[in-house]
Structures are given as C-alpha cells and as structure tokens.
Amino acid sequence: MLSLYPVTLNALNILKAKLPEDGTGDCNLSMASLITRAKEHEVEYACLVGRLVLRWRPAAKSPMVWIWPADCNLCPTLLKALEAQSIAMGEPLRIYGTLPWLEEQFKETWPERAYTLTTSEDWGDYLYSRESLVKLEGRKLAGKRNFVKRYKAQNPNAQFLPLNAETIPLAKAFLANWYAEHQPLNETMQAEADAIAMAFEHFDALGLTGGVLMSEGVVHGFTYGSMLTEEMFAVHIEKADRTVTGAYPALASFFAASLPECYRIINREEDLGIPGLRKAKEDWNPMGRLEKGYITVMPEGGGEA
C-alpha cells in the first residue's frame, strides 16, 4: 500500500519543490488553497514513481479522487501504478482534473480503457477579464460601476492598502466582528474561518497577496488570493461590510487594479451550488467558466467500476 500523508503546513516545502508555479488554473490547486483547505477536502499526498500525487475529496458528497500531478502529462506507468493503489484500497481509479484537458489526455494515453466522467456545474470556476473588473465598462457592469461611484463619493479618503504585518491585525478584527454577526457558523463557514486564520498566520509563506479597504481608519473589507498560472490569479477570500454602500464591488475592483498586469484573468472560484452566490458571480459578467470533474476508470475486461 502507498503511504499517504495529510497535507499540512509541514508539507509546504515538499509541495513547493514538486508542484510547478504554473498550474492548471483550478482555484483549489493553488499552494494556499491546498494547505489552508486541506482539512476540509481531506487532502493527502504521496510520491509515486518519482512523482508527487495528491488525493482529495472535491465536495462533501463526492468520493476521494486522485488529483492529476500538475508537473507532468498523463503517462501509462503512473496510471497503472495509481490504479493498482486504488484497487488495493478497494475502489476504482478516479482521476480529477480540468476539462476537457483531462478527457483528452486520458483518451490519448489509455485509449483501450473505458471510463465514465463525473462533473458538476457547482464545481466550475468563474473567470473574468482583469481589465473588465478594473474599468467596469459596458451595460452589463453598469450596476457595479454605479455602486463603486457611490462608494467613492461617500468615502473620498478611502484607501486600498496591502495586507501585511501592519494591516493583517486590522483585517482580523474586522473578520471577528463579521463572524460575530453570522453566528452560529455552519460547517462551511467554520471551514472558511479556519482557512483564513491559517492564511493570516502564514501569509507570505503561502504566497498570498491581498489588501484592506479602509476609510478614515475604519476597515470596510479585505481580500486575498494567489497566483494560479502566469496569467491567472485566484481571489480566494473577499469579505466586506454590507452596510457600507458599494463596499463589495469597490473591494473587488480595487484589488484587481492592484494586481500586476501580467494577470489577464481573475478566477473568482466556484459558486458551490448556492443560488445567491451563483447570481453574485454571474452579475460580474464572467468571460467563461473553468470546468472540472473526474474520470472513473472501468475495470479491465469490462464490468461496473
């Protein structure tokens, strides 16, 4: 049996050494997300035939799946080794990745093996043009544009300051009040709170970038994220004061404007099937979705997986 280890902060150096900086674009596979959300997704890692492999649960009701190693294309040797491990664990081989890349790679590498594909609209990441979030031009973003104008008019001295050793304590205090108003926390919110606490504690080591929106010494919100690819940045967390008109759209737009111009695409993560969250993400006029899913490989010789 393969020795699998839970992903914790102790795995940071291993992940940094084995995972390439330029990933797949999946918001869940940034270094920060893998570690801060490891408990929630039951993320494990191992080294197999010289490659780093990750195993996790994409959603609460989904089975455990192997995340395809980001540092290589599919290859028969690794596929066969993963299948042997899966069978030894009493389950079929399930491989998770972005679509349609995953299917294309699998068909090319193992054309003789049948499989089924599982995906969900709830898992797709919302992608946006960085320029559109900064400029807020066009009819579809008129509402966001007007809210940002109102925020600026009511808070002429507002500032967007980088999250660092000086401003993180301010963000922590704001967050404590934010969660106090949302008690009792459900399981999802508690997992989020735990992830943010870890992120704040190890902000630089996790490669995070973020900022605090303030006016007259009062925090109106904070946000942070990390690099996914050379041209894509993920916004992992965004919290603002809903009683302050335009705070949320101002926070999102100011953050996009603060990012290096090499990031042409902003990934604002999934909607998790939550209707209100889905509408909020669609209101920002996404340029597309990054679809994700997993392949279940059928046993050799046919039969049900």
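The values are calculated or read from the model by the stated rules, or taken from the named source; none is laboratory data. Everything numeric here is computed off the predicted structure, so don't read it as measured data. Counting neighbours? That spans all protein chains shown, and the Cβs are built from the backbone with ideal geometry, glycine included. Quick note on the areas: whole protein, heavy atoms, side chains included, nothing else; ligands and nucleic acids left out. Shrake-Rupley method; radii C 1.70, N 1.55, O 1.52, S 1.80 Å.
Worth pointing out:
- Along the axis of the charge dipole computed for the chain (Cβ charges of +1 for Lys and Arg, -1 for Asp and Glu, origin at the Cα centre), the listed residues 49, 247, 225 are led at the positive end by 247.
- Carbon/sulfur fraction of accessible area - the chain, other protein chains in place, 1.4 Å, %: 51 percent
- Flagged links, alpha-carbon separation over 19 Å, of 61/292; 172/279; 144/281; 140/239; 39/281: 172/279; 140/239; 39/281
- Degrees separating the helix 247-258 axis from the principal Cα axis of the chain, which is the longest one: 70 degrees
- Charged-residue dipole, Cβ positions (Lys, Arg, Asp, Glu), segment 1-129 about Cα centre, Debye nearest 20: 440 debye
- Rounded to the nearest 500, the helix-only mean residue ellipticity at 222 nm of the chain stands at -10000 deg cm²/dmol, with each DSSP H run of n ≥ 4 adding -39,500 (n - 2.57).
- Once the C-beta distance of residue 5 and residue 153 is scaled by a Förster radius of 45 Å, the resulting FRET efficiency is 0.25 to the nearest 0.05.
- Our estimate of slack between residue 188 and residue 262, defined as 0.36 nm per intervening residue step minus the Cα-Cα distance, is 23.4 nm.
- Debye, to nearest 20: dipole size of segment 186-305, +1 on Lys, Arg Cβ, -1 on Asp, Glu Cβ: 400 debye
- Protection proxy ranking, peptides 274-282, 100-108, 234-242, average beta carbon neighbours within 10 Å, highest first: 234-242, 100-108, 274-282
- Taking Lys and Arg as +1 and Asp and Glu as -1, the other residues whose beta-carbon sits under 10 Å from that of residue 281 total -2.
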